[in-house]
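The values are calculated or read from the model by the stated rules, or taken from the named source; none is laboratory data. What you see is a predicted model, and the numbers here were worked out from it, not measured in a lab. Glycine also receives a Cβ, built like all others from the backbone with ideal geometry; neighbour counts cover every protein chain displayed. Ligands, DNA and RNA are stripped out before the accessible areas are found, and what is left, the full protein with its side chains, is counted by its heavy atoms. Shrake-Rupley method; radii C 1.70, N 1.55, O 1.52, S 1.80 Å.
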Amino acid sequence: EFVLFYQPVVDHTATVVGFEALVRWQHPRRGFLAPGEFIAQAEQTGLIVPLGQWILREACEQLLRWAAQPETATLTMSVNVSSRQFRHPDFVAQVLKIVHSTGVDPRLLKLEITESLLVTDMPDVVQKMNALRAQHLVFSLDDFGTGYSSLTYLKQLPLSQLKIDQSFVRDVLTDASDATIAATVLGLGNSLHLQVVAEGVEELGQWQLLKQLGCKLFQGYLFGRPAPIAQMRLGC
């Protein structure tokens, strides 16, 4: 059985502004398993396509429940999209069907893609992203800086957000190179009018330094671990 967990995204005052939906597999003997233990197999078997659709629908329905309450109505929801799911010929139609059937506000939905998606068939990627962007969906580039980063991608793609990978955040206090990379991504994001989220923030010092560097959005254990909806203080 698959279950969605949610991890908060906060602003510079540590106020929760949104969540990322993260799938877990409830194994009969081993408990909840993280995506690293089953996503690769799901990609290989093709299960990732129906699984991705289920995740998106569940996330949209939760977003809709939040939208009904004034205190949670502006929360955003980030959903990861796998390469195989994105490359499916009917990807755009599948996403729009879920968005329209649930009635969710697409501006509150962030589809997270990774750089590995960008190494093949860029025209197809751009076309699909533009089609969804025209319907007001928002795109975020996850794990920025770990893969095949190119400024050309940032210029071509209708992105709204970059996420600084946690591998750079982890040692931002002790490794000058990581601090420089974080500052560079933040500067790049600002100059391109993109939001920048720092992932994997676990220590107060990391948060403080990243704020000094101009970061405004954060995600990590310092602010909350992924949890099922029943264990969260927000929402229903």
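Here are the numbers:
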{"read-out": "Answer residue from region 13-42, given it is open to solvent by less than 50 Å² (accessible area, probe 1.4 Å) and in contact with a Lys or Arg (Cβ under 7 Å, 6 or more places away or on another chain) and is farthest from Val197 (Cα to Cα) among those", "value": "Leu33"}
{"read-out": "Count - residues of region 1-27 that are of a type in the set (Asp, Glu), over 15 Å from the mean Cα position of the chain (by Cα) and in a strand (DSSP E or B)", "value": "0"}
{"read-out": "Considering residues of region 76-85 that are touching a helix residue (DSSP H, G or I) at 6+ places or on another chain (Cβ under 6 Å) and either among the polar types (S, T, N, Q) or open to solvent by less than 20 Å² (accessible area, probe 1.4 Å) (or both) only, the residue farthest from Gln195 (Cα to Cα)", "value": "Gln85"}
{"read-out": "Residue identified as within 20 Å of Leu22 (Cα to Cα), open to solvent by 40 Å² or more (accessible area, probe 1.4 Å) and at pLDDT below 95 among Ser177, Ser116, Ser149, Ser191", "value": "Ser116"}
{"read-out": "Which numbered condition Ala73 misses (of (1) under 25 Å from Asp11 (Cβ atoms); (2) surrounded by 19 or more Cβ atoms within 10 Å (Cβ to Cβ))", "value": "(2)"}
{"read-out": "Scope region 152-174; condition buried (at least 18 other Cβ atoms within 10 Å of the Cβ), in contact (Cβ under 8 Å) with a residue 40 or more places away in the chain and in contact with a Ser or Thr (Cβ under 8 Å, 6 or more places away or on another chain); matching residues", "value": "Gln161, Lys163"}
{"read-out": "In region 54-70, the residues that are open to solvent by less than 60 Å² (accessible area, probe 1.4 Å) and over 12 Å from Val23 (Cα atoms)", "value": "Cys60, Gln62, Leu63, Trp66, Ala67"}
